[in-house]
Structures are given as C-alpha cells and as structure tokens.
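Asks: First the structure, which I've put down as structure tokens, then a few questions once you've had a look.
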Ligand code: UDP
C-alpha cells in the first residue's frame with residue numbers, strides 16, 4: 001500500500017486510516033524489506049519542523065506519517081481536500097500489539113523511565129494474550145551505550161520496535177540509527193508507555209470522541225497553555241494558507 005502523501009505547511013503527512021496503518025506494519029514485517037519508520041504528525045511537530053530542517057528531513061525520510069491528531073486531519077481536509085481521519089500514535093501502538101499477538105510477530109519496548117517501561121512490558125501481554133515482548137530497555141541510555149543497545153535490539157529478533165523518548169528526540173534517534181536496525185518497523189510513540197503503565201491518563205472517551213483531547217489536557221494542566229499556543233499558530237497558518245490565492 002502506498003498512501004497519498006500530502007503536505008501541510010510544507011510538512012508531509014500520509015492519508016491513511018488506522019486499519020491501513022496496522023496493515024502497513026504487518027506487510028512490512030512479512031516482506032522483509034528494510035526497516036520502516038512510522039512517525040506521528042501533529043500540529044506541534046509540524047510547527048517545529050518548519051523551523052528545524054533536520055526534523056523536516058527525518059519526517060520526509062519516514063515510511064509512514066500518521067495523522068496523529070485532529071489538527072493534522074483538519075488541516076488535511078482544509079488544504080488538500082483529503083478525506084482522512086485521526087490515527088493517534090497512542091492508539092496505533094496497541095492496535096499493532098493486537099495484530100502482533102494474532103499473527104505472531106514480536107515487539108521491543110525502548111523508552112520511558114525504568115518502572116514505566118517494565119510495567120508496560122508486563123501489562124501488554126495481559127492485554128494482548130500471546131504477544132511476544134522480545135526485549136525492553138528504559139529510555140535513559142548514555143550515548144556511548146547506544147550501539148550496545150542496537151545490538152541488543154537486533155539480537156532479540158524483534159520485528160517491531162516501539163520507541164518512547166518524546167519528540168523530537170525519538171525522531172532524531174530513528175533517523176540516526178535506522179540503517180543499523182534489523183527490526184522491520186519502528187514506531188515513535190512519545191508518552192504512550194506512560195499511558196499503558198497507568199502513570200498518565202488519556203482524556204475520557206467523551207472528550208476523545210469530540211476530538212477535544214487537547215482541551216481536556218488544557219483543563220487538567222493549565223500550564224500547558226503556553227505549550228499549546230502553538231495550536232493557535234498552526235490554525236492561523238492553515239487559514240492563511242487556505243486564503244492565499246491559488247497560482248495554478
Ligand atoms: N523519555 C525518555 N528518555 C529521555 C527523555 C524522555 O525515555 O531522555 C521519555 C519520558 O520518560 C516519557 C516519554 O519520553 O515516557 C515522553 O516524554 P514527553 O512527555 O516529554 O514527550 P512528548 O510525548 O510530550 O513528546
């Protein structure tokens with residue numbers, strides 16, 4: 001499957017559904033091609049990539065760029081007339097684990113604090129019986145121990161690597177080490193291990209259904225307002241782009 005790739009404010013994003021994204025990973029595991037990078041695109045990342053050429057390049061090199069939040073979906077609809085829905089990274093990871101348990105491929109968990117990582121490795125197989133965790137490592141690894149970790153991931157025989165270092169750290173890591181990885185796919189999952197381990201809670205279903213997860217987070221942590229101002233800049237940039245006269 002080659003999804004349609006569009007650009008939002010110069011940053012690429014793929015028009016894919018959740019089901020297509022899981023199929024994509026399963027196909028890559030089966031095909032034995034090189035390692036595919038699955039990276040989430042959201043307004044924060046788009047705005048950062050506009051001023052960070054190396055992040056933009058690493059996004060361009062990714063195999064699958066999922067529309068992680070409602071902002072990316074809304075932008076895609078408005079600017080590219082693209083009929084897409086949200087593929088939150090935090091939901092794609094469990095969906096991949098579900099498929100892995102069903103078809104027998106294995107996963108490696110890299111990232112987050114030690115107790116979070118250990119707890120996620122313990123919980124996932126109870127949630128997805130049959131899931132094989134090929135290995136795990138917390139996300140606080142010294143730079144000079146990184147090649148040893150790559151070796152460990154490769155030796156584990158894992159098919160899929162989930163990496164939870166936060167953004168843009170995890171994108172930089174993927175870009176730097178993908179050539180040395182023998183896993184078939186790697187997904188950057190941000191704070192998802194914290195959610196699985198129960199350390200961080202996602203918004204209640206009603207907020208998620210109404211695409212208001214960002215608003216719920218704002219209510220819980222008003223200090224995020226400063227961080228979330230980027231959403232306003234993103235919305236204004238999308239509207240400005242939409243109002244620009246078309247040259248073709
Ligand atoms: N993290 C890590 N190593 C680091 C920095 C962060 O493993 O050197 C982990 C952190 O423990 C958390 C995850 O990265 O589990 C996401 O961090 P954060 O919430 O800062 O990132 P975001 O999801 O906001 O991009």
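Asks: Assess whether residue 105 counts as being within 12 Å of the ligand (Cβ to nearest atom) and in contact with a strand residue (DSSP E or B) (Cβ under 8 Å, 6 or more places away or on another chain). Break it down stepwise before answering.
Replies: Working: within 12 Å of the ligand (Cβ to nearest atom): no; in contact with a strand residue (DSSP E or B) (Cβ under 8 Å, 6 or more places away or on another chain): yes.
No, not satisfied.
Asks: Scan 77, 132, 136, 99 and give me the residue that is modelled with pLDDT of 95 or more and out of contact with any strand residue (DSSP E or B) (no Cβ under 6 Å at 6 or more places or on another chain).
Replies: 99
Asks: Would you mind stating whether residue 99 is more than 11 Å from the ligand (Cβ to nearest atom) and outside any helix (DSSP H, G or I)? Full working, then the answer.
Replies: Working: more than 11 Å from the ligand (Cβ to nearest atom): yes; outside any helix (DSSP H, G or I): no.
It is false that residue 99 is more than 11 Å from the ligand (Cβ to nearest atom) and outside any helix (DSSP H, G or I).
Asks: Given the conditions (1) over 27 Å from residue 177 (Cα atoms); (2) without any contact (Cβ under 8 Å) to a residue 60 or more places away in the chain, which single one is not true for residue 67?
Replies: Exception for residue 67: condition (1).
Asks: Can you tell me which condition residue 224 does not meet? The list is (1) away from the ligand (no atom under 11 Å from the Cβ); (2) farther than 15 Å from residue 110 by Cα, and all the others hold.
Replies: (1)
Asks: Quickly run through the range 200-241 and pick out the residues that are in a loop (DSSP other than H, G, I, E, B), under 19 Å from residue 74 (Cα atoms) and touching a residue at least 12 places away in the same chain (Cβ under 8 Å).
Replies: 211
Asks: Of these, 135, 139, which one is more than 18 Å from the chain's Cα centre (by Cα) and in contact (Cβ under 8 Å) with a residue 24 or more places away in the chain?
Replies: On inspection, the qualifying residue turns out to be 135.
Asks: Oh, and also: Of all residues in the range 154-169, how many are in contact (Cβ under 8 Å) with a residue 24 or more places away in the chain and within 9 Å of the ligand (Cβ to nearest atom)?
Replies: Adding up the residues that qualify gives 6.
Asks: Looking at (1) closer than 17 Å to residue 198 by Cα; (2) crowded, with 16+ Cβ neighbours inside 10 Å, which is the only condition residue 101 fails?
Replies: (1)
Asks: Picking from 195, 183, which residue would you name as being more than 20 Å from residue 73 (Cβ to Cβ), at pLDDT 90 or above and in a helix (DSSP H, G or I)? If you could, list the steps in order and put the result at the bottom.
Replies: Values: 183 fails: in a helix (DSSP H, G or I).
Being more than 20 Å from residue 73 (Cβ to Cβ), at pLDDT 90 or above and in a helix (DSSP H, G or I) holds for just one of 195, 183, which is 195.
Asks: Please go through the range 170-195 and pick out each residue that is touching a strand residue (DSSP E or B) at 6+ places or on another chain (Cβ under 9 Å) and within 14 Å of the ligand (Cβ to nearest atom).
Replies: Within the range 170-195, 170, 171, 173, 174, 187, 188, 189, 190, 191, 192, 193, 194 qualify.
Matching residues to (1) over 17 Å from residue 236 (Cα atoms); (2) buried (at least 20 other Cβ atoms within 10 Å of the Cβ); (3) modelled with pLDDT of 95 or more:
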site: 41; (1), (2), (3): yes, yes, yes
site: 54; (1), (2), (3): yes, no, no
site: 67; (1), (2), (3): yes, yes, yes
site: 72; (1), (2), (3): no, yes, no
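Asks: Still on this structure: Checking residue 151 against (1) surrounded by fewer than 14 Cβ atoms within 10 Å (Cβ to Cβ); (2) under 22 Å from residue 63 (Cβ atoms); (3) away from the ligand (no atom under 15 Å from the Cβ), which test does it fail?
Replies: (2)
The values are calculated or read from the model by the stated rules, or taken from the named source; none is laboratory data. Keep in mind the model is a prediction, meaning the values are calculated, not measured. Heads up, the Cβs are rebuilt from the backbone with ideal geometry, glycines too, and the neighbour counts pull from every protein chain shown.
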